[in-house]
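Visitor: Right, I'll just put the structure down here and ask away after.
Quick note: the coordinates plus some simple rules give every number you see, no bench work behind them. Note that this is a predicted model, so its numbers are computed, not measured. Glycine gets a Cβ as well: all are built from the backbone with ideal geometry, and neighbour counts include every protein chain shown.
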Ligand SMILES: Cc1ncc(COP(=O)(O)O)c(C=O)c1O
């Protein structure tokens, strides 16, 4: 089976893990955590980085620190993985789901901007925090959000879980323009620590508060004194050891992903598929190469099933958050674009270690699946 996306552990991962075992530092104390934070911040050009247990944990703490909580409203992208929304729920805040724009598949930030201005004029409820997600490796258009922050003081959390290394041209990198940027090192991400996350911020006070909250809000070292309800969200030294090794290879991984994207673009040219977005002002990181199937006769579930039969793992994109059971009642702005992306979107194998032969085989199989009269008939029957 050619998998959708698996980690590449071809560098110093085993060596650094062995160092953890040899030194005995296999839990949250140990030198790799601080080293991972420093090297990650340096890579991004960020002032501070705080490692934590997962991308979801990073989002939860970031939202809480920026004021999300009961009675507050957080605006978030409708088209995203559910963790972006769950982190808001953990704080007790309400959410406003904002549709995507077709240019980037990310939040339609003009739509949100105009809605906030309209609400401000009419005395309506404004978001207290905006959580902008950079999906699938492509930066969102944040200009309208920066204007909202200047005008109304609404802070911004960037959910950059899927977009490490992506940037606006000629800079900066995603995760560094909001008040807090959050990343995930889950097994399928650009770099992995097995499981883990990172918050980055330019604010030394926020960084200190984040460190405090992820460590059970411990008020004093070596004493069981806690000044608020904190979390056990620290990253283990063993995970950070993997992170340091992976970070050393980030540039190679990004180059491999870009090569994969350009091969797909050329090898799928003759098929009825639309390429993933690439705005002229963006430098994507091509986390997961995802296309839209243009021919309505190609039923997505049938294509995925035919892929499994022929040894290739394709995967559908996420249903919009407004379709997920816990969030069906959430307030929303639009939703039709997110629906369309979900209705036609398919992710293709995108591991950094995907060989040229595997990728060629993937394209050949997709070509025969899409041209298959069986699939087209299955689609027709389903309708
Ligand atoms: C957009 C987005 N946000 C948040 C997360 C959560 O990260 P984690 O799995 O590390 O908790 C993920 C991925 O899993 C994601 O894709």
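Visitor: Which residue fluctuates most in the GNM of the chain (Cα springs below 10 Å): 67, 171, 195?
Guide: So, out of 67, 171, 195, the one fluctuating most is 171.
Visitor: Quick check: residue separation of residue 27 and residue 120 times 0.36 nm, minus the Cα distance between them. What number comes out in nm?
Guide: The residue 27-residue 120 span can extend by a further 28.7 nm.
Visitor: What is the Cα centroid distance between the range 232-276 and the range 104-137, reported in whole angstrom?
Guide: 29
Visitor: Please report, in whole Å³, the volume per residue of the convex hull around the C-alpha atoms of the range 107-158.
Guide: Working: hull volume 3.3 nm³, N = 52.
Value for the range 107-158: 64 Å³ per residue.
Visitor: What is the diffusion coefficient of the range 250-382 in µm²/s, taking the Kirkwood radius over Cα pairs and the Stokes-Einstein relation at 25 °C with a viscosity of 0.890 mPa s? Write down the numbers at each step before the final one.
Guide: Values: Rh = 16.1 Å.
After rounding, the answer is 153 µm²/s.
Visitor: Tell me the label-point distance for the pair residue 251, residue 205, using the 7 Å Cα-to-Cβ offset, in nm and rounded to one decimal.
Guide: Taking the simple label geometry, residue 251 and residue 205 are separated by 3.8 nm.
Visitor: Along each principal axis of its Cα atoms, how long is the chain end to end? Whole angstroms, biggest number first, please.
Guide: 69, 62, 38 Å, listed from the longest principal axis down.
Visitor: Going highest first, how would you order 293-299, 239-245 by mean Cβ packing within 10 Å? Don't skip to the end; give the middle numbers.
Guide: Values: 293-299: 16.3, 239-245: 25.9.
Answer by packing, highest mean first, reads 239-245, 293-299.
Visitor: While we're here: Taking a ≥ b ≥ c as the square roots of the Cα gyration tensor eigenvalues, with a/c under 1.5 meaning rounded and otherwise prolate when a/b beats b/c, else oblate, which class fits the range 69-152? Walk me through the numbers on the way to the answer.
Guide: On the way: a/c = 2.02, a/b = 1.11, b/c = 1.83.
It comes out oblate by the Cα gyration axes.
Visitor: I would also like to ask the following. Which order do peptides 87-94, 4-11, 113-120, 325-332 fall in by mean Cβ count within 10 Å, highest first?
Guide: Values: 87-94: 20.1, 4-11: 17.9, 113-120: 15.6, 325-332: 12.5.
Output ranking for 87-94, 4-11, 113-120, 325-332: 87-94, 4-11, 113-120, 325-332.
Visitor: Still on this structure, I have one more. Going highest first, how would you order 53-61, 151-159, 204-212, 100-108 by mean Cβ packing within 10 Å? Please report the intermediate quantities before stating the final value.
Guide: Working: 53-61: 26.8, 151-159: 20.9, 204-212: 17.1, 100-108: 23.1.
Per-residue Cβ counts within 10 Å, averaged per peptide and sorted highest first, yield 53-61, 100-108, 151-159, 204-212.
Visitor: How much of the DSSP bridge set in the chain is antiparallel, in percent, rounded to the nearest 5?
Guide: Working: 22 of 41 bridges.
Within the chain, antiparallel bridges account for around 55 percent of the total.
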